[in-house]
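Taking it in order: structure first as structure tokens, then the write-up.
The values are calculated or read from the model by the stated rules, or taken from the named source; none is laboratory data. For clarity, every value in this text was computed on a predicted model and none was experimentally measured. Cβ sites come from the backbone with ideal geometry, for glycine too, and all protein chains shown count toward neighbours. Keep in mind that these areas ignore ligands, DNA and RNA; they rest on the heavy atoms of the full protein, side chains included. Shrake-Rupley method; radii C 1.70, N 1.55, O 1.52, S 1.80 Å.
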Amino acid sequence: MKLASLKVGRDGKLVLVNRSLTKMVSVADIAPTLQFALDNWDEVQGLLNTRYQALESGELSGEPFEQSQCASPLPRAYHWADGSAYVNHVELVRKARNAEMPETFWTDPLMYQGGSDTFLNPHDPIVMPQSDGFGIDFEAEIAVVLDDVPMGVSAEEALKHIRLVMLVNDVSLRGLIPGELAKGFGFYQSKPSSAFSPVCVTLDELGDAWQAGKLHLPLLSHLNGKLFGKPDAGVDMTFHFGQLIAHAAKTRPLAAGTIIGSGTVSNKLDNGPGKPVDQGGVGYSCIAEIRMIETIQQGKPSTPFMDFGDEIQIEMLDKDGHSIFGKIQQSVKKA
């Protein structure tokens, strides 16, 4: 199934969307919101799937689907935690801050809990009070949505609690991160509202691209209309989603509707940092990585962070070239 939330009220209006992302059908009589569906998944899943198949087969004509009508699939959530499954990214970004990376980062995932009350709509701007000194950066990632997860769940069992998959732009303010982390108390101002893809999907929609808790497809990022990154989300993922979920649930249960992010998708090249797309590499899922590589190679970064008017697009295509989740499309706008 493919599901989306239209911009209605605070929690959206749940609709089913066909595979080609052209038609939608209301499911208000089954589940008015996605959070309701997740809270009652065992009861509503079959009913939702029956209607989805009717839409896909043409038995239901549906209405035209426009991605710009969408809020994030969960316009607000009880819990949003973002991991760092791609340790290559962590290593590069820490080097940019002249911070050593402990060896334990390869065996024990990093994770932070972000704000989940004000998610951005997938086609709405990233509004900031200023750009100078903020270091506005996008981070293209994969995210999963869970049902109720018990405390102490194993990594293997955790995979069974994944209900939906979507994309996320985990906006970061690189200029504010060092000062916040120096206080020893974690991110807050440096991690503003995130945006998720217009559509989320059940695992069966991903076919054999979903294997062992990883999504094996390129994640595409276009910055100001130019391909910036196309790393494969299933490659160089040190921790699969089961491990990330188990980490989050080590000392607490997770409520239905919890979102767990993968962290910035990042691929190595010949056991070293990747190359830009125009140099034969797969590029990057954030600006911070290329700036670090420029610093290593040239002594200083030359790629600027995002400024007012800049636009980022994030999308994933299936093996036939069709968009799976729709497109995150955001420009930076002054408050």
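Which value in Å is the Kirkwood Rh of segment 185-256 over different Cα pairs?
15.3 Å
Can you list the residues, at least 5 places off or on another chain, whose amide H is less than 5 Å from the amide H of VAL8, using H built in the peptide plane?
For VAL8, whose amide H was placed from the backbone, the distant partners under 5 Å are LYS13.
At what distance in angstrom do the alpha carbon centres of segment 1-72 and segment 144-172 lie from each other?
21 Å
In segment 186-218, which residues have a backbone nitrogen under 11 Å from the label point lying 7 Å from ASN49's Cα in the Cα-to-Cβ direction?
Residues 203-205 qualify, since their backbone N sits under 11 Å from the label point.
Would you list which aspartates and glutamates come within 15 Å of LYS226, measuring only between C-alpha atoms, while excluding same-chain residues fewer than 8 positions from it?
ASP278, ASP310, GLU311, GLU315
Quick check: with the 1.4 Å probe, what order do TRP106, TRP210 take by accessible area, largest first?
Result, largest first: TRP106, TRP210.
Segment 1-117: percent of C-alpha pairs farther apart than 24 Å?
Pairs farther apart than 24 Å: 45 percent.
What 222 nm value per residue comes from the helices of the chain, counting each DSSP H run with n ≥ 4 as -39,500 (n - 2.57) and dividing by all residues, nearest 500 deg cm²/dmol?
-5500 deg cm²/dmol
Give, in nm to one decimal, the length gained when the segment between VAL8 and THR251 is fully stretched (0.36 nm per residue of separation minus the Cα-Cα distance).
Contour length minus the Cα-Cα distance gives 84.0 nm.
Which of the lysines could be linked to LYS183 by a straight reach, that is with a Cα gap under 17 Å, when you skip same-chain ones fewer than 8 residues away?
LYS191
Compute the Cα gyration tensor for segment 111-172, then decide on rounded, prolate or oblate, letting a ≥ b ≥ c be the square roots of its eigenvalues: rounded whenever a/c is under 1.5, prolate when a/b is larger than b/c in the other cases, and oblate in all that remain.
prolate
Leaving out same-chain residues fewer than 8 places away, which lysines sit with a Cα under 18 Å from that of LYS319?
Candidates past the 8-residue exclusion: LYS2, LYS214, LYS230, LYS327.
If you take every residue apart from LEU38 with its C-beta less than 14 Å away from the C-beta of LEU38, what net charge results, scoring Lys and Arg +1 and Asp and Glu -1?
Cβ neighbours under 14 Å give a net charge of -4.
Give me the one-decimal nm value for the distance between modelled label points at MET101 and THR22, 7 Å along each residue's Cα-to-Cβ direction.
About 4.4 nm, to one decimal.
Per the Kirkwood treatment, what hydrodynamic radius in Å, one decimal, follows for segment 176-307 from the mean inverse distance over all distinct Cα pairs?
Averaging 1/r across every pair of different Cα atoms and inverting gives 17.2 Å.
Along the Cα→Cβ direction, 7 angstrom out, place labels at ASP307 and ASP278. What is the inter-label distance in nm?
Roughly 1.7 nm, to one decimal.
Distance between Cα centroids, segment 254-308 to segment 177-227: provide it in whole Å.
One Cα centre to the other: 12 Å.
Compute the Cα gyration tensor for segment 142-186, then decide on rounded, prolate or oblate, letting a ≥ b ≥ c be the square roots of its eigenvalues: rounded whenever a/c is under 1.5, prolate when a/b is larger than b/c in the other cases, and oblate in all that remain.
Oblate, since a/c reaches 1.5 and b/c is not below a/b.
Any chance you could give the angle, 0 to 90 degrees and rounded to 10, that helix 41-57 forms with the longest Cα principal axis of the chain?
The angle comes out at about 80 degrees.
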